[in-house]
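Notes for the one structure printed next.
The values are calculated or read from the model by the stated rules, or taken from the named source; none is laboratory data. What you see is a predicted model, and the numbers here were worked out from it, not measured in a lab. Here the Cβ positions follow ideal geometry from the backbone for every residue, glycine too, while neighbour counts run over all protein chains shown.
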Amino acid sequence: MTGHNTPWRSVRLLKVVFLSLLLILLIVFLVATVRTFTLGVNAGLQLAEWEKTNTVSPDINEQQRELLLARFKEAIRIPTVSFSETHLNTSALHEFGQLLRKVFPTVFSSSLVKHEVVANYSHLFTVLGTEPELLPYMLLAHIDVVPANEADGWEAPPFSAKEMNGFIYGRGTIDNKQSVMGILQALEYLLERGYVPRRGFYIGLGHDEEVNGYNGAVNIVRVLKSRGVKLHYVLDEGLAVLDGVISGLDGPAALIGISEKGAATVKLSVSTKPGHSSMPSRENSIGILAAAVTRLEENPMPRLFGYGPERGTFEHLAHKFALPLRFIMSNLWLFTPLMSRIMERKPDTNAFVRTTTAITMFNSGVKVNVLPSHAEAFVNLRIHSAQTLQEVLELIESTVSDSRVKIELVGGFDPLPISSYDEQSFGFQIIKKTILDMFPQITVAPGICIGNTDSRHYTALTKDIYRFAPSWFKPGDSQRFHGINERISCKNYEELVLFYFRLIQNCDVRNLPTPHTGQHEL
């Protein structure tokens, strides 16, 4: 009898397994569906009752509007170019300092503001608050710009600040003189209107950010550390308002950078015996190095999408996508491998998936008929938040896997710490509130900066560093960054001034409000 019952027991077991799997799939589907329609909704603190503070209205009239644009154009016309760490346009940096004094007289004469020149060309402003027990914050921007050559195809000379079709063209319009001038213009307006801040704050304007900030930002930090300064948060350049840039997203999105990728520059070199090209050896230095470089390009760093802050970005934005993307992005716990494979197909989204590897320089040879004795290449890497510099170096070693290739670290650093962005995060919520005060239709999300800023030097002063300016980027505009035809609309520059004008006042709240008890965002 036992033998006859065995098949039925097997059938029953299969049924149990099948029903269990079906139940698990149903639960997964239900969880995924709930997340799809509840994540990322703008609620939380935006619906809460914020503490009332004295607010000053900007009331910018047409004459003031023309003047603020004229001041900005003056700043763009000064070629504060950083060519290298040892080659800066110091006369232009000095001229820029004189310009600031001329166009912002109230800032420089107010008893509330202390101004200091740091490392000859950087500027530190201390703005006193009426309640010194409130932890101060800091606004950062940088004065220097990258080189620009009109012959590369600029529609207007890069230091002309020419206005065309409502846009001001020039190097520094989006990196980063719009913030330099916007912050000080906002403070000028506030002081002119009799504003006295409750919470004190600092403004730091570095002069060598484009060449690592080792003189400007580093020395500003040194000054503040010597005074025992601790900051509630720091706000620097970094991310922006993206309008039509993210495919499939319904409406613009403001991304607040909560971290930066790390960076490394690695030198690969090969040395062999020189010789005559008529009697070539089987391999020479160029061939060996080229093979090593090819291996690096053919074997990219591992996919790490979902293991860093980029996951929060997509989950915050999920509700602004149509199905099925909304379903996928709301459930990255389930679809991360799929998203990784989709995103790695394009360079701009591949940067979120992994540590990127770029061969930027390759040098060898002295004469067409001489076998070179030496060849070298430089590799620039931007390190994903889930990796360390040491891990990346070990992967390069294993991928190159050739003892004839010497691998040297020229310079580098780990990814920056991830700043808080929950409902208890003062800096993030103040920045978010300011964005939504100005642009209620925008979706706000945390983001990751794939480039680096001066703010990375400020980690000893605060645990919360954010990277955002309300510059509007439409499709193609990101190529203007360090590229040709850098520009900003007149309207957008005015919006930047008003953003900082509101932000400074919003920071006067003593505490964040209690979160709304309804539907919360991530």
Hey, GLY251 at positive phi and in contact with a Ser or Thr (Cβ under 8 Å, 6 or more places away or on another chain) or not: yes
Confirm whether GLU397 is acidic (Asp, Glu) and in contact with a Ser or Thr (Cβ under 6 Å, 6 or more places away or on another chain). no
Somewhere in the range 153-161, is a residue in contact with a Lys or Arg (Cβ under 9 Å, 6 or more places away or on another chain), polar (S, T, N, Q) and on the phi < 0 side of the Ramachandran plot? yes
Looking at VAL234, VAL293, which one is in contact with a helix residue (DSSP H, G or I) (Cβ under 7 Å, 6 or more places away or on another chain) and modelled with pLDDT of 90 or more? VAL234
Go through (1) under 30 Å from HIS276 (Cβ atoms); (2) surrounded by 12 or more Cβ atoms within 10 Å (Cβ to Cβ); (3) not hydroxyl-bearing (Ser, Thr, Tyr) for LYS367 and report which single condition fails. (2)
Among the residues of the range 164-198, the number that are more than 16 Å from VAL127 (Cβ to Cβ) and of a type in the set (Phe, Trp, Tyr) is 2
From the option list GLY447, GLY476, single residue qualifying as under 30 Å from GLY248 (Cα atoms), among the small types (Gly, Ala, Ser) and touching a Lys or Arg at 6+ places or on another chain (Cβ under 9 Å) is GLY447
Just give me the residues in the range 265-289 being in contact (Cβ under 8 Å) with a residue 60 or more places away in the chain and in a helix (DSSP H, G or I), in sequence order. SER285, ILE286, ILE288, LEU289
Conditions (1) part of a helix (DSSP H, G or I); (2) at pLDDT below 95; (3) loosely packed, with under 13 Cβ neighbours inside 10 Å: number failed by ALA32: (3)
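Hey, any hits in the range 274-293 for a residue that's closer than 30 Å to ARG480 by Cβ, assigned by TED's automatic domain parsing to the domain that holds GLU376 and in contact with a Leu (Cβ under 8 Å, 6 or more places away or on another chain)?
Within the range 274-293, one or more residues are closer than 30 Å to ARG480 by Cβ, assigned by TED's automatic domain parsing to the domain that holds GLU376 and in contact with a Leu (Cβ under 8 Å, 6 or more places away or on another chain).
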Checking LEU416 against (1) in contact with a Phe, Trp or Tyr (Cβ under 9 Å, 6 or more places away or on another chain); (2) modelled with pLDDT of 95 or more; (3) of a type in the set (A, V, I, L, M, F, W, C); (4) surrounded by 17 or more Cβ atoms within 10 Å (Cβ to Cβ), which test does it fail? (1)
So TYR458, is it touching a residue at least 12 places away in the same chain (Cβ under 8 Å), over 30 Å from ASN380 (Cα atoms), buried (at least 21 other Cβ atoms within 10 Å of the Cβ) and hydroxyl-bearing (Ser, Thr, Tyr): no
List pairs: first in the range 55-67 and at pLDDT 90 or above, second surrounded by 10 or more Cβ atoms within 10 Å (Cβ to Cβ) and not in a helix (DSSP H, G or I), Cβ under 7 Å, 6+ apart or cross-chain? VAL56/ARG193; VAL56/TYR195
